[in-house]
Amino acid sequence: MTATLVRALLLPAAALSLLSCGGNGGEPMNAMTAGQILGNFNNILKAMPRSGTVNLPMAGATLDSKVTTMAIDCETVTPNPIVDADGDDIAAEKTSKFDCTDSTVGGSKLTRIGSYTVKDEDDSVDFPEKGFSVDFAVTKFNSTNTSDSSETDNSYVGKWVYTGSGGSLKSTSEFDGHYRYYSPADSYDIDYDYNYTWSWTSTPTNAAAPWDAGSQDFSGSYSLSGKFMAEDGQGNHFQQNGTWVISYKSKDLKYDQAGGCTFYYRSGSIVINDGNSDYEIRYACNSADLYVNGEKSDIWTVQ
């Protein structure tokens, strides 16, 4: 099963510093903040594997052993040639190092400092029967639009691990990031630290087609601390600052990519707790709804 190139999720890194705002180190979500927090959390769900493709949180980053260089001059990829004895397109080990300052790509200036390393845990056995790991150490990932001076700045450190075990695929993750977006046209700042963890198991209905259908069991944590943009429901944007710490877990969750469902999950739910309330996303193949403490809510539309 191959691992193909996927453009990035907008996720960032640096050590997370939490304020002492409540029993779990954060504050409760509300109608103004839930959209921001749940929307960002939804990106983490999408980072969990759903196919032979793995979404690396970095534009242009790839597991693919056939890609020895990227379309940016200041990246170096080692070793060269890359070894991939089992032919699953995941390198036995591959490190991409970036040392780029104000490189011009299209209408943007890019600064990228750091590295990521992909390692096949057993290069004699095809993925997903055996697993792989990805280590991230990206201290600066900056993009500045030369036409409007808007700027996106990321950094992140962490590790993802994937292992095959008894017909199931397992994954663990711990990831720290920082994200900042600035535009001279906006009246608010977006500048926050975050951290997430997951412990994830997927058990397919058919081991020969592991991504088509099956069950998933996972749990983890997610934290955000900093400055955000909030919207009041009438389209007005304003500054929102704070710290949120949530835990999450799956509940009787079934996935079915072969059955024609609109959503990835056919049934079951994901329960998110902010230390004060339960936010439950309930799936039913072609619909998904949010419930807050058991009551249906429209404060966030499930994506």
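The values are calculated or read from the model by the stated rules, or taken from the named source; none is laboratory data. Being a predicted model, the structure only gives us computed values, none of them experimental. For neighbour counting, all protein chains shown are included, and Cβ atoms are generated from backbone atoms with ideal geometry for every residue, glycine included.
Restricting to region 135-152, and then to whatever is part of a loop (DSSP other than H, G, I, E, B) and not acidic (Asp, Glu), can you tell me which residue is surrounded by the most Cβ atoms within 10 Å (Cβ to Cβ)? Of everything passing the filter in region 135-152, 150 is surrounded by the most Cβ atoms within 10 Å (Cβ to Cβ). Is it fair to say residue 88 is out of contact with any Lys or Arg (no Cβ under 7 Å at 6 or more places or on another chain), closer than 21 Å to residue 160 by Cβ, modelled with pLDDT of 85 or more and part of a loop (DSSP other than H, G, I, E, B)? Against the criterion (out of contact with any Lys or Arg (no Cβ under 7 Å at 6 or more places or on another chain), closer than 21 Å to residue 160 by Cβ, modelled with pLDDT of 85 or more and part of a loop (DSSP other than H, G, I, E, B)), residue 88 does not qualify. Scanning region 37-62 for residues that are among the polar types (S, T, N, Q) and modelled with pLDDT of 80 or more, which turns out nearest to the chain's Cα centre (by Cα)? My answer is 43. For region 223-238, filtering for residues that are touching a residue at least 60 places away in the same chain (Cβ under 8 Å) and in contact with a Ser or Thr (Cβ under 8 Å, 6 or more places away or on another chain) leaves 5. Before we move on, is residue 155 out of contact with any Phe, Trp or Tyr (no Cβ under 6 Å at 6 or more places or on another chain), at pLDDT 90 or above and surrounded by 18 or more Cβ atoms within 10 Å (Cβ to Cβ)? Judged against the criteria, residue 155 is a match. The set of residues in region 145-160 being of a type in the set (Ser, Thr, Tyr) and within 20 Å of residue 172 (Cα to Cα) consists of 156 alone.
Which residues, counting only those in region 239-274, are part of a strand (DSSP E or B), β-branched (Val, Ile, Thr) and in contact (Cβ under 8 Å) with a residue 24 or more places away in the chain? 243, 245, 246, 270, 272, listed by residue number. Of the numbered criteria (1) crowded, with 17+ Cβ neighbours inside 10 Å; (2) within 23 Å of residue 298 (Cβ to Cβ); (3) modelled with pLDDT under 90, the one residue 229 fails is (1).
Sub-8 Å Cβ pairs linking a first residue in region 275-293 that is in contact (Cβ under 8 Å) with a residue 24 or more places away in the chain and over 16 Å from residue 39 (Cα atoms) to a second residue that is basic (Lys, Arg) and surrounded by 15 or more Cβ atoms within 10 Å (Cβ to Cβ), at least 6 apart or interchain, are 283/266; 285/266, ordered by first then second residue.
Exactly one residue among 260, 268, 235, 294 is surrounded by 13 or more Cβ atoms within 10 Å (Cβ to Cβ) and on the phi > 0 side of the Ramachandran plot, and that residue is 268. Listed by first and then second residue, the pairs linking a residue in region 161-185 that is within 30 Å of residue 229 (Cα to Cα) to a residue that is part of a strand (DSSP E or B) and basic (Lys, Arg), with Cβ atoms under 9 Å apart and 6 or more places separating them unless they lie on different chains, are 173/159; 174/159; 175/159; 180/227. Do we find that residue 254 is under 19 Å from the mean Cα position of the chain (by Cα), among the basic types (Lys, Arg), closer than 16 Å to residue 45 by Cβ and surrounded by 12 or more Cβ atoms within 10 Å (Cβ to Cβ) in this structure? It is false that residue 254 is under 19 Å from the mean Cα position of the chain (by Cα), among the basic types (Lys, Arg), closer than 16 Å to residue 45 by Cβ and surrounded by 12 or more Cβ atoms within 10 Å (Cβ to Cβ). So, in region 93-134, of the ones that are of a type in the set (Val, Ile, Thr) and at pLDDT 85 or above, which residue ends up surrounded by the most Cβ atoms within 10 Å (Cβ to Cβ)? That would be 118. Taking the listed residues 119, 130, the one that is outside any strand (DSSP E or B) and not hydroxyl-bearing (Ser, Thr, Tyr) is 130, with no other qualifying.
Determine whether residue 151 is out of contact with any helix residue (DSSP H, G or I) (no Cβ under 6 Å at 6 or more places or on another chain), touching a residue at least 12 places away in the same chain (Cβ under 8 Å) and under 26 Å from residue 114 (Cα atoms). Considered against the rule, which asks whether it is out of contact with any helix residue (DSSP H, G or I) (no Cβ under 6 Å at 6 or more places or on another chain), touching a residue at least 12 places away in the same chain (Cβ under 8 Å) and under 26 Å from residue 114 (Cα atoms), residue 151 comes out as yes. Counting residues in region 290-299 that are farther than 27 Å from residue 153 by Cα, modelled with pLDDT of 95 or more and in contact with a Gly (Cβ under 9 Å, 6 or more places away or on another chain) gives zero.
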